[in-house]
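The values are calculated or read from the model by the stated rules, or taken from the named source; none is laboratory data. The structure displayed is predicted, hence computed values, not measured ones. Virtual Cβ from ideal backbone geometry, glycine too; neighbours counted across all protein chains shown. Just so you know, the surface numbers come from the protein's heavy atoms only, side chains and all, with ligands and any DNA or RNA stripped out. Shrake-Rupley method; radii C 1.70, N 1.55, O 1.52, S 1.80 Å.
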Amino acid sequence: MLRRAHDAGVGAVLSIGIGEGPAEMHHARDLCRQFNGQPGMPRLCASAGIYPHSTTEANHGALVKLDQLLRDPLVIACGEIGLDYFHEGAPHDVQRDGLIRQLEIAAARKKPILIHCRPKDNTVDAWDDLFTVVEEHWARTALGGVMHCFGGGWEQAQRSLDLGFLISFAGNITYPKAQPLRDVAARVPLNSILVETDAPWLAPAANRGKRNEPSMMVETAAVLAGLHKISPGEIASATTQNFCRLFPAVSLNASE
Ligand SMILES: [Zn+2]
């Protein structure tokens, strides 16, 4: 899978370290240790975090583990963290408390955050609660972050940009019914855009329903390039530059 990503032109992969809960939070970092530096592979880095619905397990031991992982240079970000009111899971106040505790740890370790925010359909309460927490507990760190798998409207995009966040789009932007999301993506400045898989979910249209993987992200990037009326090479260069600005420790050639 990593070789296919490399062959498709993917220069770097940020592997999400949430596992099925805090017990697996280190797995993404371990993948970096296993595969980094091998020829024909993308550059690998990892995140670590406690996913919103896993915050019921955000006990002292899990938070200590997160703190230790965020000290590792291979772990460049804290996430996915955030709020998910779409699926039934952890109570909202537990999610919020778990998010705040992780923001404190990420701030102490000076690592940007990867936000997962999903409201119930046709509501924005998760977004409003998220912005309240981020504005109170994170904005002053100026460490920034990523709105991962962005699915909000323009108002949420604008608030994210005002906070200095990058906005990351996944394969769902290629789906026929996603025109409202494409309209938002067309308005997000090129210097604030990232692309991602959200693997194993949201394989782009040509492979919809299959297990998503990084090589397929080329299709997502091509759709974004079309929306911004630029070439695939230009969107690749822009997203690489944006990534390196947020994560200066990761050096990549913009040509990747
Ligand atoms: Zn997510």
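If you put +1 on each Lys and Arg Cβ and -1 on each Asp and Glu Cβ, how big is the dipole of the range 1-131 around its Cα centre, in Debye rounded to 20?
The dipole magnitude comes to about 780 debye.
Sorted by packing (mean other beta-carbon atoms within 10 Å per residue), highest first, where do 26-35, 99-108 land?
99-108, 26-35
Hey, for a label at residue 245 modelled as a point 7 Å past Cα toward Cβ, could you say which residues of the range 175-201 have their backbone N under 16 Å away?
Backbone N within reach: 187-195.
Work from the charge dipole of the range 1-95 (Cβ charges, +1 for Lys and Arg, -1 for Asp and Glu, about the Cα centre) and give the residue of 64, 78, 40 farthest towards its positive end.
The one lying farthest along the dipole's positive direction is 40.
What is the chain's relative contact order, in percent, from Cα pairs under 8 angstrom and six or more apart in sequence?
15 percent
Can you list residues from other chains, or at least 5 along the same chain, whose modelled amide H is less than 5 Å from the amide H of residue 194?
Close amide H contacts, sequence-distant or interchain: 167, 168, 169.
How far apart, in nanometres, would the label points at residue 23 and residue 208 be if each is projected 7 angstrom from Cα along the Cα-to-Cβ direction?
About 3.7 nm separates the two model spin labels.
As a test question: what accessible area, to the nearest 10 Å², does residue 135 have when a 1.4 Å probe is rolled over all protein chains in place?
Roughly 90 Å² of residue 135 is accessible to a 1.4 Å probe.
Under 22 Å Cα to Cα from residue 65, which lysines show up? Leave out anything in the same chain fewer than 8 places away.
Here the lysines satisfying the reach criterion relative to residue 65 are 110, 111.
If you place +1 on the Cβ of every Lys and Arg, -1 on the Cβ of every Asp and Glu, and leave all else neutral, what size is the dipole of the range 79-210 about its Cα centre, to the nearest 20 Debye?
560 debye
7 Å from Cα along Cα→Cβ at both residue 110 and residue 175: what's the point-to-point distance in nm?
According to this spin-label approximation, the distance is 4.0 nm.
With +1 on the Cβ of every Lys and Arg and -1 on the Cβ of every Asp and Glu, and nothing else charged, how large is the dipole of the chain about its Cα centre, in debye rounded to the nearest 20?
Roughly 760 debye for the chain.
Return the distance in nm (one decimal) between the two label points of a simple spin-label model at residue 88 and residue 132, each offset 7 Å from Cα along Cα→Cβ.
Computed distance between label sites residue 88 and residue 132 equals 2.4 nm.
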